[in-house]
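The values are calculated or read from the model by the stated rules, or taken from the named source; none is laboratory data. This one's a predicted model, so the numbers in the text were calculated from it and none came from an experiment. Reconstructed Cβ throughout: ideal geometry from the backbone, glycine too, with neighbour counts over all protein chains shown. Protein only, heavy atoms only, side chains kept; ligands, DNA and RNA dropped before computing areas. Shrake-Rupley method; radii C 1.70, N 1.55, O 1.52, S 1.80 Å.
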Amino acid sequence: MIYNEDFETLPREVLETLQLKRLQQVAQRVYHTVGFYKKAFDKAGVQPDDIKTLPDIKRLPFTTKQDLRDNYPFGLFAAPMSSVVRLHASSGTTGRAIVVGYTKRDIDTWSELMARCFVAAGLTKNDIIHNAYGYGLFTGGLGAHYGAEKLGASVIPMSGGNTKRQIMILQDFGPTAICCTPSYALNLAERGSAMGVDMRSLKLRVGIFGAEPWSEKMRDEIESKLNLSALDIYGLSEVMGPGVSMECMEGRSGMHVFEDHFIVEVINPETGDALPYGEAGELIFTTITKEAFPLIRYRTRDISRLIAEPCRCGRSHIRMDRVTGRSDDMLIIRGVNVFPSQIETVLIGITGLEPHYQLIVDRVGAMDTLEVQVEVSEKAFANADEVRYLQNLEKGLAKDLKDYVGVTAKIKLVEPKSLQRSEGKASRIIDKRKM
Ligand code: DLL
């Protein structure tokens, strides 16, 4: 099923003509209403009228997270405050928050895109959607909420936290779909089972999981624990919130970027050069319909690749692969580039280990060290008197990390349920080098 068949299946040439027209409009808009962009365009020696073809986008300057911070809070708004109806903010781990605004039309667009996501996940107005993304300044909760209402589904505005109550509602209201971070889905599964609830026999059919990197193995894990189909959803506050791209039920491989509203590029993060389809690099988005907070060539720092092959679902919009991590989450351990998601893939593959882990990076003298703390399963823990069994688990993980990720790590097996559980985005890295 496709929510907006007209726009989601546009033939490539027609889509590109539409994108060009919208790009020209947004270039004019930001040049004439946002001081920052006038300066940036002038400095790059480009005027809005120079955009004659789609590839001309490459002449436009990038926008970085630092530019957003420098213009805190409203400096990049392209609409007067009187027409801004909503503000959101992303706290970020470092530096000032980033503030974004939406006009009424922006909220309508966002709601439609989220409704498209739900339909891509096989949902209809007959579904009950348990929305456990946080409500508030975070875009997850309200973004998904408006989309669910737009679709006409029944939405349960749970927000994050209060896990025991969530499990009760999951049992009593019988939602058919759930929205939350993948790490919180695991947390729910675990807590539910501990409460004696058979989490596989809930009515949930689909989970719409995003807001943090996760792996295929994590998908398998969640699907088997909750007995549902787990789909990936991507977005970021700066560009809109959730619903920039969404995996479809039919393809389940890569997320369709809603290209009638966003132009996506992938670049080499070091040189800024465009990369061809299929090559992994940093995702860049230009918003081509937003009114209050349009962004030109925004450097997301998210690492992915574009998949140009047509999808069996019939959508013509290009897909982006699972985000493997953020370039600023990438750990460089003694020269080896390591993404937490690679470590996750390895440890989920080992029987006896649970997908709950933490990475502790430190520097001893001039040497970077990586410690992987991972929980052993209850069953393995019951075997713990067999010291050799645990030693073998440890050795096996260390070897697999060396073989598949290329990094030497100290492994510390910890007791079941001893690591902090996520109620939203999981924080898995403690980098003591930065403290
Ligand atoms: O996380 C928006 C969102 C809410 C997306 C709910 C999906 C579901 P921010 O808080 O601004 O916005 O964080 C954006 O989260 O740049 C990525 O690094 C990461 N991220 C979001 N979705 C995914 C995903 C929301 N599916 C940042 N896979 C982005 C991997 C993701 N990382």
May I ask you to list the residues in segment 58-88 that are open to solvent by 20 Å² or more (accessible area, probe 1.4 Å), within 23 Å of the chain's Cα centre (by Cα) and not hydroxyl-bearing (Ser, Thr, Tyr)?
-> Phe62, Lys65, Gln66, Asp67, Arg69, Arg86, Leu87
Please verify whether segment 100-110 includes one or more residues that are open to solvent by 10 Å² or more (accessible area, probe 1.4 Å) and either outside any helix (DSSP H, G or I) or within 15 Å of the ligand (Cβ to nearest atom) (or both).
-> no
Test Val244 against the criterion of being in contact with a Gly (Cβ under 8 Å, 6 or more places away or on another chain), closer than 18 Å to Val26 by Cβ and modelled with pLDDT of 95 or more, and give yes or no.
-> yes
Mind checking which strands (runs of 3 or more DSSP E) fall wholly inside segment 316-435 and carry at least 1 residues that are touching an Asp or Glu at 6+ places or on another chain (Cβ under 8 Å) and crowded, with 17+ Cβ neighbours inside 10 Å?
-> 331-333, 353-364, 367-376, 410-414
Within segment 120-129, work out how many residues are open to solvent by 10 Å² or more (accessible area, probe 1.4 Å) and β-branched (Val, Ile, Thr).
-> 2
Go through segment 150-185 and give me each residue that's open to solvent by 10 Å² or more (accessible area, probe 1.4 Å), among the β-branched types (Val, Ile, Thr) and assigned to a helix (DSSP H, G or I).
-> Ile169
Note down all Cβ pairs under 7 Å where the first residue falls in segment 268-281 and is assigned by TED's automatic domain parsing to the domain that holds Leu306, the second is open to solvent by 50 Å² or more (accessible area, probe 1.4 Å) and among the aliphatic types (A, V, I, L, M), and they're at least six residues apart or on different chains.
-> Tyr277/Ala308
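I'd like the residue in segment 268-282 that is of a type in the set (Gly, Ala, Ser) and assigned to a strand (DSSP E or B) and, out of all such residues, is most open to solvent (accessible area, probe 1.4 Å).
Ala274
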All but one of (1) touching a residue at least 40 places away in the same chain (Cβ under 8 Å); (2) open to solvent by less than 10 Å² (accessible area, probe 1.4 Å); (3) charged (D, E, K, R); (4) within 15 Å of the ligand (Cβ to nearest atom) hold for Asp260; which doesn't?
-> (4)
